[in-house]
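Engineer: Here's a structure for you.
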Amino acid sequence: MSTKTNLTLVLGSLTAGLLAAGSASAMPSTLNWTAYGTGTSGHAQIMAISQLLQEEHGTQSRVIPGENDTMRMTPLKTGRVDLCACGIASYYGSEGVMMFAGPDWGPQPIRVISTSMASFGLGMAVAGDVEMDSIADLEGKRLAYLRGDDALNKAAEAYLAFAGLTWDDVERVDFPGYNAAFDGIISGRADAAITTTVTPAAQRLAASPRGLQWPELPTEDAAGWAQMLEVPPYFQPHDVTSGAGINADHPLASASYPYPIMVSNADLAPETVTGLITTLVESFDDYKDNAPGASGYALENQNMTWVVPFHDAVVAYYQESGVWTDEMDAHQNALVERQQLLMDTWEAYQADAPEDEAAFIDGWMETRRAALQEAGLNPVF
């Protein structure tokens, strides 16, 4: 399972340490970001943080909204922006897979600054009229597959894996998009779809004659979690307290990953990162209520042994603060070494890669898998 900071144990000793660690930082006059589209909680959070950076450091922020993963990640790759408030595509970019396996991409030198874990999460939305005692009861049911949405389809695969199931154990029903999938459930053409718990689509299903239920992923089911994390390692247990039919009095034991994930390239100036992480941690109370989900950046929500390495300046900040442990350091070093192996493998592969894009991607994925396996690492993809 993931390792998180236990703020309850360290808060007393951290207060002075955090203030000392972040006392000196030289923020630039301007920061350029990409983020989710206007109207999303991810965009609102970055705007709230940008306002705080202006007030505390005089730093002006330019935030470019991106409607999809490629639009958000491309400006970071080209150096047009300093930071991306991205989704799980930041992990795919670090690994050079899915939409980042093509000849224009490859593994990226992504580094995490901070992440937000809010009250909502992912869940398997199942029609309420389906007999369902556990996630294992998805076997034989009609599960929505969203064409073109690799991240959510991977999430559905992970939820199936929790119960030892695969796509072969369900009836896959293809839909052109997210809302169409829930229209399909409501009209009786499918039984379940993976979703965030707060989406309006889940609310629509809950209000329909079929109703809505959320199968749980019990935290104590070690075997289930081990199976799930073999599919994508970025999930972590999460008690969801907001969503359709979910609240703090009736939480859902489920899984999630951060949203948004604040990342930069590895070479972003350390003084910029130090100033940013200092502000995020030490001025948390000044922005946590200024946008939906902004409270998710709390120190205790940071997963210090996740799947993408932290920026060196973030590691230094946590070390000086007394938060960082030997276990975290070993994990960080392993992630950096994995990323470097992937980037070196990519560079060597390009020298004699096929020109046809489909052949290029197939060849890269085979080469990538072989390199990771030779190093004793799980290719995941």
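What follows is calculated from the coordinates using simple rules that are stated; it is not laboratory data. In this text the structure is predicted, and so the values were computed from the model without any measurement. Cβ coordinates were reconstructed from backbone atoms using ideal geometry, including for glycine residues, and neighbour counts include every protein chain displayed.
Engineer: Using 0.36 nm per residue of separation minus the Cα-Cα distance, give me the extension gain between residue 207 and residue 325 in nm, one decimal. Write out the running numbers ahead of the final one.
Structural biologist: Values: separation 118, 0.36 × 118 = 42.48 nm, distance 4.73 nm.
That pair, residue 207 and residue 325, stretches by 37.8 nm at full extension.
Engineer: Would region 225-289 count as rounded, prolate or oblate if I go by the C-alpha gyration tensor, calling it rounded below 1.5 in a/c and otherwise prolate when a/b exceeds b/c, oblate otherwise? Mind dumping the intermediate values first?
Structural biologist: Details: a/c = 3.78, a/b = 1.47, b/c = 2.57.
Oblate, since a/c reaches 1.5 and b/c is not below a/b.
Engineer: Also: Would you kindly work out the equivalent ellipsoid of region 122-255 from its C-alpha gyration tensor and give its semi-axes, the square roots of five times the eigenvalues, largest first in whole Å?
Structural biologist: On the way: eigenvalues 82, 63, 36 Å².
They are 20, 18, 13 Å, listed largest first.
Engineer: Further question on the same structure: Given the rule -39500 (n - 2.57) for each run of at least 4 DSSP H residues, summed and divided by the residues of the chain, what is its mean residue ellipticity at 222 nm, to the nearest 500 deg cm²/dmol?
Structural biologist: Details: 12 runs with 154 residues, N = 381.
Value at 222 nm, helices only: -13000 deg cm²/dmol.
Engineer: Just from the alpha-carbon atoms, what are the Rg and Dmax of the chain in angstroms?
Structural biologist: Answer for the chain, Rg first and Dmax second: 20.9, 60 Å.
Engineer: If the chain between residue 71 and residue 38 were fully stretched, how many nm would it gain, using 0.36 nm times the residue separation less the Cα-Cα distance?
Structural biologist: Details: separation 33, 0.36 × 33 = 11.88 nm, distance 1.37 nm.
Between residue 71 and residue 38, full extension yields an extra 10.5 nm.
Engineer: On the first, second and third principal axes, largest extent first, how far apart are the outermost C-alpha atoms of region 312-353 in Å?
Structural biologist: In descending order, the Cα extents are 47, 18, 6 Å.
Engineer: Another question, if that's okay. Would you check the chain for Lys pairs whose C-alpha atoms are within less than 26 Å, ignoring same-chain pairs closer than 8 in sequence, and give me the count? Working shown, then result.
Structural biologist: Working: 4/154; 4/288; 77/154; 141/154.
Value for the chain: 4.
Engineer: Let me ask another. For residue 343 and residue 80 in one chain, what is 0.36 nm times their gap in residues minus the Cα-Cα distance, to one decimal in nm? Walk me through the numbers before you get to the answer.
Structural biologist: Numbers: separation 263, 0.36 × 263 = 94.68 nm, distance 2.11 nm.
Taking residue 343 through residue 80 to full extension adds about 92.6 nm, to one decimal.
Engineer: OK, next. Let a ≥ b ≥ c be the square roots of the eigenvalues of the Cα gyration tensor of region 214-336; is it rounded (a/c under 1.5), or, if not, prolate (a/b larger than b/c) or oblate?
Structural biologist: On the way: a/c = 2.35, a/b = 1.36, b/c = 1.73.
Here region 214-336 falls in the oblate category.
Engineer: Please list, by residue number, everything in region 143-183 whose backbone N is under 19 Å from a paramagnetic label point 7 Å out along Cα→Cβ of residue 378.
Structural biologist: Within reach of a label on residue 378: 151-167.
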